[in-house]
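No lab work stands behind these numbers, since they all come straight from the coordinates. Predicted model, so just to flag it, every value in this text is computed and none were measured. Neighbour counts run over all protein chains shown; Cβ positions are idealised from the backbone, glycine included.
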Amino acid sequence: MLAFIGRRILIAIPTVILISIFVFTLQHLLPGDPILVMAGEERDPAVIEALREKYRMNDPIPVQYLAWAGAALQGDLGISLRTQQPVLELIGGKLPVTIQLAVMALIIAILIGIPAGVLSAYRKGTWIDWLANIVALSGLSVPNFWLGIMLILLVSVKLGWLPASGYMPLSEDPMQSIKVMLMPAFVLGTGIAATLMRHTRSAMLSVLKSDYVRTARAKGLRERVVLVKHALRNALVPVVTVITLLFGELLAGAVLTEQIFTIPGFGKLVVDAVFNRDYAVVQGIVLCTGIGFIAMNILADAAYRVLNPRMSDQ
Amino acid sequence: MQTLKTLGLAALLAASSGLVHAQDLRIGLQEDPDVLDPDQSRTFVGRIVYASLCDKLVDITPQLEIIPMLATGWEWNADGTELTMTLRDGVVFHDGEPFNAEAVAYNLNRSKNFELSRRKSEVSSVESWEVVDDTTIKISLAAPDATLIAQFADRAGMMLSPKAAEEAGEEFGLNPVCAGPFTFKERIQQDRIVLEKFADYYRADEINFDSVTFLPIPDTTVRLANLRAGDLDMLERLAATDVPSVMSDDGLTMEKATSLGYQGITVNVGNGDRANTPIGTDSRVRRALSLAIDRAALNQVVFEGAFAAGNQPYPPDSPWFNTAFPVPERDVEAAKALLADAGFADGVDVEVQVANNPVQTQVMQVVQAMAAQAGINISLTAKEFATLLSDQSAGDYMASQIGWSGRVDPDGNIHQFMTTGGGINDSKYSNPEVDTLLNEARLSNDTADRKEKYDAALAILQEDSPIVYLYHQVWIWALDNNVLGFVPYPDGMIRLHGVSMTE
Amino acid sequence: MTAVVDPQVLADPLPPRRRNRAWEKFRRNPYALLGGAVVAFFLIVALLAPILPVPGPAETDWSAVRKAPSAAHPFGTDEIGRDVLSRMIWGAQASLLAGVVSVAIAVLLGVPLGMLAGYLRGWTDAVISRFTEALLAAPFLILAIALAAFLGPSLQNAMIAIGLSAMPIFIRLARAQTLSVMTEDYVESARAVGIGHLGLIRRYILPNILPPIIVQSTLTIATAIIAEASLSFLGLGQQPPAPSWGAMLNIAKNFLEQAPWMALYPGIAIFLVVLGFNLLGDGLRDALDPRDT
């Protein structure tokens, strides 16, 4: 196992480097000069020159990249062009927010998706299956930014049940924190719930046909016991691995949700950074998400092997 | 006994009837401010925060007159090259350091010479200064500059604690220390900025809040939703289209003030190769475009009539507006005639670049539809603001829809755009007569004299029209009914002196 | 854009004879028919846009700004007086085009790469797989935003951006399917008999990987349509005054209270089209699935 993980990490390193080079180059090819925007309305040439020097914008791109890479290896991801705040600090501050959103969304997705998947697999072909499938597909088909806007209108403005935007750290006021995140988590979670439901259904279906379930039934065990103790437990194996991968999806899907609900998280940070040409921030974020995604992948593979020792090396 | 009891009860009720409990005022902003350092800062919303964080040497009235703030008086010498300012006594910075002429000298130096200072051009006329005594400073100018006092009413005049600025250097913005009514408590980027009441503020009795929280919420609908839901107490830049619904809402009040700036279409008349176009080379085409636009209808359709139509750098209600040229009515026939004169009776093509946000694109789509009826075929290219600015500066455009936030002094709305080689003259317009008039207008302190010169310059600009002015934004604030005493200012700032909130 | 391939798309390879049964199964599947009908409806509307009796999508009317649905304007008017129904019909063109072209780009680039990786294995496979992983690690929307910003905001560039972001899915899919097919007995025997590379690809690999790719394409079109709407929502897709549902929603969110119809109809349209493609994809998968699950 250790060797397996070690090998995967080794393979991942060139990928990470590749990502960082790719994004770095892309950013610097983007039209529009951040220095002009930063210099303010008056665009004083002396200020512009000073800023260019300070941020080494006059150096050739490979030199700039190496400077960034060198600093990054020592843990210094540069500073935000916009507010001078260190990128690492920025990311550190925003990541817990998006993670809270993602975890809440995942919980909602699990609460909806897995039971729905189990039910529709068990009652395959009946109207329950049909209904669950339609609902799941609908969840996938609704543009989540539209859902978010509609929810704000209904729940916050008309009914006043939940706040329309903002954020409260979990440590400060847990109740308020959860209230504020409920709508965005719901919007994000429903999209994922559909995928989760379909995967659960598919896994349950193949498990329900398997030999050991037939054996369990033949032994005369009660249906519920068969379902939960034998079928579900085995079906969960592929589902768990899917969840670890979906986490990456959630992080990306949070972008629009955070924009609409004004949640100061990762997603919003990235969009704003791209629009403001805040190079260091985008670079830092892509690096972190890249590493995170690859880590999740490795985790998923490892989990799969642990849960299912019969899987051979591919 | 009964009377005593009643009196006592009445007194209790009066005392508890609202003002001055542990109160936090929550203000919704359109954007997140950039770095909180007055010398480095460049955003409009940053200035809103400074209104509560950093006092300046002088301030303005809603009528744009200059009044004392940290400076109690000022005097020019005979030829306008020396400004002697008397400073307020007994003022301290948030860190306890005394405010005095030395501090002002430090700040002038920083604004002028700090490597990353964005205020250099604003104080460029300042040559040297002399600390006469604790409360007097003499500033010497290279040449007379009528705009200097107005600059001190904004970021160039904001006083930072020399000790804190020296220690923090360019990181001052992470923990700003000034002399305003509130001190900096904390900032979570894109979430909130929290300020706390400064107990030793020299006008502390006018401040009725213990803390102020600024919450950037870019989406106008969501911002209003927050106000309605009670999560905000007031917000800035209410969308013009939300005005009717706020007016009919009993729980909310609305305040307006015409801004100092403008929005228009800047035409490339001399900035590189892309100036060789019909609209770039012939002023008749530009004037035709201006005549083809129904500014009143534009205002009505996009802004519900809330904004102000415009055809000059100054809004019609500004003292600097040239009344000889009122905002024109639409005249399609005259526009067509001008085009025919210029040789484009069959129509002319114009490419306009515009920032890709909903309001500006809406404005340009309306202009596009109107211009088409006069034979001017506008094609739109929406660009992100960073790209727009870049391309405009480099001359890579034919026409660009862009605005200017406006300055208190009239020079600020015209000089850098219209003089040859002006710092923000992206159209590269050049007219020696205009240059002379505008340069002279800066030197004199006599308002009548300046007005004459600006009027003359504006008359020439009406002919040449390198910028087709469209409208002037109106600042619109929405407040909860229980916020009292708010006064709208044309500079869009939220001054909290005298503002209070009942429970 | 999901990096997780939907289950059952990875079907076992089909021996050629059974494909004729697919159409029969498709016809009997209610999902597939419903989805197919919805998609067909929107396709027809989009194609017939120029001849339908509605005002032009760019025709403005100052006196009819943000008017509620009425006889003259069945879906109401928008912020500068244009007919919403008309803009929705023309917007269908943009959305469907965005969906189809993006996926076409993804398939045309991704499938050959994936097949190459699965067929040749070794170093080619390693390089392509690392490249795919790198692309997948950048969050899709971020990649799309950066690409769109780089290329300039427009519908074409949005399609390219989405296509490139969706490419990794097809690389992975094609690769996995190719690997799977290569291990089949009949492929081994074909090789033994002496059939060359091109013959193998043409006769055995391509026909067998096509079904899951068709299914995945349909599902990806659905995601691509939402992706275009998202990009337009952020201001990076179709530019005004050309209509696109996502761009319409972007403007509409500022007028939710005054003119809710501006947001309602485009949102419903996106929902229906995407649902249609999802149902169609599901139906296709069930029809092409050799296992009678």
For segment B:341-419, report the convex hull volume of the alpha-carbon atoms normalised per residue, in Å³, without decimals.
-> 135
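Given segment A:60-146, what whole percent of its Cα pairs are spread farther than 22 Å? Numbers along the way, then the final one.
Details: 2127 of 3741 pairs.
That fraction is 57 percent.
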Segment B:82-166, Rg to Rh (Cα coordinates; Rh as Kirkwood inverse mean 1/r) = 0.94
Could you give the dipole magnitude of segment A:1-115 about its Cα centre, charging the beta-carbon of Lys and Arg +1 and that of Asp and Glu -1, in debye to the nearest 20?
-> 600
Which of the lysines could be linked to B:K197 by a straight reach, that is with a Cα gap under 16 Å, when you skip same-chain ones fewer than 8 residues away?
-> B:K185
Mean Cβ count within 10 Å, highest first, over the residues of peptides A:68-81, A:108-121 | A:108-121, A:68-81
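Across the residues of B:301-312, average count of Cβ atoms on other protein chains within 10 Å?
Working: counts 9, 3, 0, 3, 0, 0, 0, 0, 0, 0, 0, 0.
So the per-residue partner count for this stretch is 1.
Tell me, what are the semi-axes, in whole angstrom and largest first, of the equivalent ellipsoid of segment B:219-339 as set by the roots of 5 times the Cα gyration tensor eigenvalues?
On the way: eigenvalues 268, 54, 40 Å².
Here the semi-axes work out to 37, 17, 14 Å.
Using the number of other C-beta atoms within 10 angstrom as an exposure proxy, rank C:L206, B:L148, A:L159 with the fewest first.
On the way: C:L206 15, B:L148 23, A:L159 10.
With the sparsest Cβ surroundings first, the list reads A:L159, C:L206, B:L148.
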The set of cysteines in the protein assembly as shown having no other cysteine's C-beta under 4.7 Å reads A:C288
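Return the subset of A:K124/A:K209; B:K336/B:K428; B:K138/B:K163; B:K56/B:K120; A:K268/B:K120; A:K54/B:K383 for which the Cα-Cα distance in this structure is over 24 Å, preserving the input order. Walk me through the numbers before you get to the answer.
Working: A:K124/A:K209 12 Å; B:K336/B:K428 27 Å; B:K138/B:K163 22 Å; B:K56/B:K120 17 Å; A:K268/B:K120 33 Å; A:K54/B:K383 27 Å.
Checking Cα-Cα distances, B:K336/B:K428; A:K268/B:K120; A:K54/B:K383 exceed 24 Å.
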If each part is reduced to its alpha-carbon centroid, segment A:249-301 and segment B:445-483 end up apart, in Å, by 43
Could you give P(r) for segment C:186-293, binned at 5 Å from zero, as whole percent values over all Cα-Cα pairs?
-> 2, 11, 14, 13, 12, 10, 9, 8, 7, 5, 4, 3, 1, 1, 0
In Å, the Kirkwood hydrodynamic radius from C-alpha pairs for segment B:405-459 sits at 11.2
For segment B:321-453, compute Rh as the Kirkwood radius over C-alpha pairs and then the Stokes-Einstein diffusion coefficient at 4 °C and 1.567 mPa s; write the answer in µm²/s, rounded to an integer.
-> 75
Ranked by GNM mean-square fluctuation in chain C (Cα springs under 10 Å), the top entry among C:N254, C:N157, C:N208 is C:N254
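In peptide B:184-191, how many Cβ atoms from other protein chains are near each Cβ within 10 Å, on average? Working shown, then result.
Working: counts 0, 0, 0, 2, 6, 11, 14, 12.
The shielding value for this peptide is 6.
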What helix-only [θ] at 222 nm does chain B give? Using -39500 (n - 2.57) per DSSP H run of at least 4, over all residues, to the nearest 500, the answer is -9000 deg cm²/dmol
Pairwise Cα inverse-distance average, inverted: Kirkwood Rh of chain C (Å) | 20.6
Sequence ranges C:184-196, B:178-190, ranked by mean other-Cβ count within 10 angstrom, highest first | B:178-190, C:184-196
Take the alpha-carbon centre of segment C:25-82, take the same for segment B:222-247, and report the distance between them in whole Å.
-> 33
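How do B:S290, A:S20 line up, fewest other C-beta atoms within 10 Å first? Intermediate results must be reported in sequence, preceding the final value.
Details: B:S290 24, A:S20 21.
Ascending Cβ contact count within 10 Å gives the list A:S20, B:S290.
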Whichever lysines have a C-alpha closer than 19 Å to that of A:K179, once near sequence neighbours (fewer than 8 apart) are set aside = A:K94, A:K158
Between segment C:201-257 and segment A:28-70, the alpha-carbon center distance in angstrom = 35
Please report, for the Cα atoms of the protein assembly as shown, the Rg to one decimal and the Dmax as a whole number; what are they, in angstrom?
-> 32.4, 119
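Compute the Rg to Rh ratio over segment A:144-211 from the alpha carbon atoms, using the Kirkwood formula for Rh, and round to two decimal places. Intermediate results must be reported in sequence, preceding the final value.
Values: Rg = 17.2 Å, Rh = 14.1 Å.
For segment A:144-211, the value is 1.21.
Find the eigenvalues of the gyration tensor of the Cα atoms of chain B, then list the square roots of 5 times those eigenvalues as equivalent ellipsoid semi-axes, largest first, in whole angstrom.
The three semi-axes for chain B are 42, 30, 20 Å.
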Pair C:T124, B:S430: separation of 7 Å Cα→Cβ label points (nm) = 6.1
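Can you tell me how segment A:114-172 classifies by the Cα gyration tensor, rounded, prolate or oblate, using a/c under 1.5 as the rounded cut?
Since a/c reaches 1.5 and a/b is larger than b/c, the shape of segment A:114-172 is classed as prolate.
Which whole number gives the average, over all residues in A:89-100, of C-beta atoms from other chains lying within 10 Å of the residue C-beta? Don't skip to the answer; put the middle values down first.
Working: counts 1, 2, 0, 0, 4, 4, 0, 0, 3, 0, 0, 0.
Shielding by partners across A:89-100 averages 1.
When the helix-only estimate is applied to chain C (DSSP H runs of n ≥ 4, each -39,500 (n - 2.57), divided by the residue count), what is the mean residue ellipticity at 222 nm, nearest 500 deg cm²/dmol?
Details: 11 runs with 198 residues, N = 293.
Taking each H run of at least 4 residues, the total per residue is -23000 deg cm²/dmol.
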May I ask for the percentage of alpha-carbon pairs in segment B:395-503 that lie more than 18 Å from each other?
-> 61
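With charges only on Cβ, +1 for K and R and -1 for D and E, what is the dipole size of the protein assembly as shown about its Cα centre, in debye, rounded to 20? Write out the running numbers ahead of the final one.
On the way: 85 positive and 112 negative charges, 1539 e Å.
I would put it at about 7400 debye.
Quick one: which of B:191-199, A:30-38, A:140-148 comes out on top by average Cβ neighbours within 10 Å, and what's the full order, highest first? Intermediate values should be presented prior to the final figure.
Working: B:191-199: 19.0, A:30-38: 20.8, A:140-148: 23.1.
The most tightly packed comes first, giving A:140-148, A:30-38, B:191-199.
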What nm distance separates the two modelled labels at C:A192 and B:N482, each placed 7 Å from Cα along Cα→Cβ?
-> 8.8
Report, in cubic angstrom per residue, the convex hull volume of the C-alpha atoms of segment C:122-253.
-> 123
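When the Kirkwood hydrodynamic radius is evaluated over all pairs of different C-alpha atoms of segment A:1-112, what value in angstrom, to one decimal, is obtained?
Details: mean 1/r = 0.0573 Å⁻¹.
This gives a value of 17.5 Å.
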Mind checking the alpha-carbon convex hull of chain A and giving the volume per residue in Å³?
-> 182
Express as a percent, rounded to the nearest 5, the fraction of DSSP beta bridges in the protein assembly as shown (both residues included) that run antiparallel.
-> 75
